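Have a look at the structure below before the remarks.
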Amino acid sequence: MKKTLDSKVFAALAFVGVGLMLGLGLTGCKSTPDLTAAQAQALIQARYDQTPAVGANIYVDDLGMRMGATAKYWDRTTVYPNKFWADFTLTADGKKALKLTGGGNVIQWRPESTEDKGFSVIVVSVAANHLRAHDVKDPQDDAGGKGASFTEAVNLDGVPGPLQDIAHNPGNQLSYKRQAEFALDGGAWKLVSIN
């Protein structure tokens, strides 16, 4: 009976000892810091803010050309014999608001026919801005760190209203779905890539 009691006491002490060792071992380990959606957004926006500000690319189709003429951004200066080709020269207001991707100050409008409503040109806003990150989802564990999906948006701050209206026409994409990847670096989360 004494042997059985000694065995039970020894087993109980051994169990308590293992528990203490495990408890001490676990409290000595550092836990991985949390990465919230707000922290992820701040890291993404910091990356965007570190890149040079750029003008917004704006797709201008037939409707956009008419809106730009109404806004006095360009004037038609040449009409060709086929009656659907034309040259439009940027006005002083146009030069303050936008620039042409190919340089110069003349938009060469060359649709394939009078019915061709798909012809377009790209202009760039003079106002330069940084991209904006919003709608960042809660970061999820993935291989080697965490990942979060978010929306990357073109920033039209400082772009005149009529040019913003053209930018909101069909054919323009002002936001994109992106994925950000994060990794621990020295105990803190850092942004590794944006895809």
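The values are calculated or read from the model by the stated rules, or taken from the named source; none is laboratory data. From a predicted model like this one, the values you see are computed outputs, not experimental measurements. Positions of Cβ are generated from backbone atoms using ideal geometry, with glycine treated the same way; all protein chains shown enter the neighbour counts.
Quick notes on this structure:
- Which numbered condition Asn195 fails, given (1) in contact with a strand residue (DSSP E or B) (Cβ under 9 Å, 6 or more places away or on another chain); (2) in contact (Cβ under 8 Å) with a residue 24 or more places away in the chain: (2)
- Considered as a group, the residues in segment 47-65 that are surrounded by fewer than 16 Cβ atoms within 10 Å (Cβ to Cβ) and within 15 Å of Ala167 (Cβ to Cβ) include one that is farthest from the chain's Cα centre (by Cα), and that residue is Leu63.
- Boolean, Val123 is among the hydrophobic types (A, V, I, L, M, F, W, C) and in contact with a Leu (Cβ under 6 Å, 6 or more places away or on another chain): yes
- Every condition in (1) over 11 Å from Tyr73 (Cα atoms); (2) assigned to a strand (DSSP E or B); (3) touching a Ser or Thr at 6+ places or on another chain (Cβ under 7 Å) holds for Thr89 except the one numbered (1).
- Conditions (1) outside any loop (DSSP other than H, G, I, E, B); (2) of a type in the set (S, T, N, Q); (3) surrounded by fewer than 15 Cβ atoms within 10 Å (Cβ to Cβ): number failed by Ser113: (1)
- Set Lys177, Lys146: member being in a strand (DSSP E or B), under 25 Å from Ala53 (Cα atoms) and not aliphatic (A, V, I, L, M): Lys177
- Top-ranked residue of segment 142-195 - restricted to ones that are charged (D, E, K, R) and modelled with pLDDT of 95 or more, ranked as surrounded by the most Cβ atoms within 10 Å (Cβ to Cβ): Lys146
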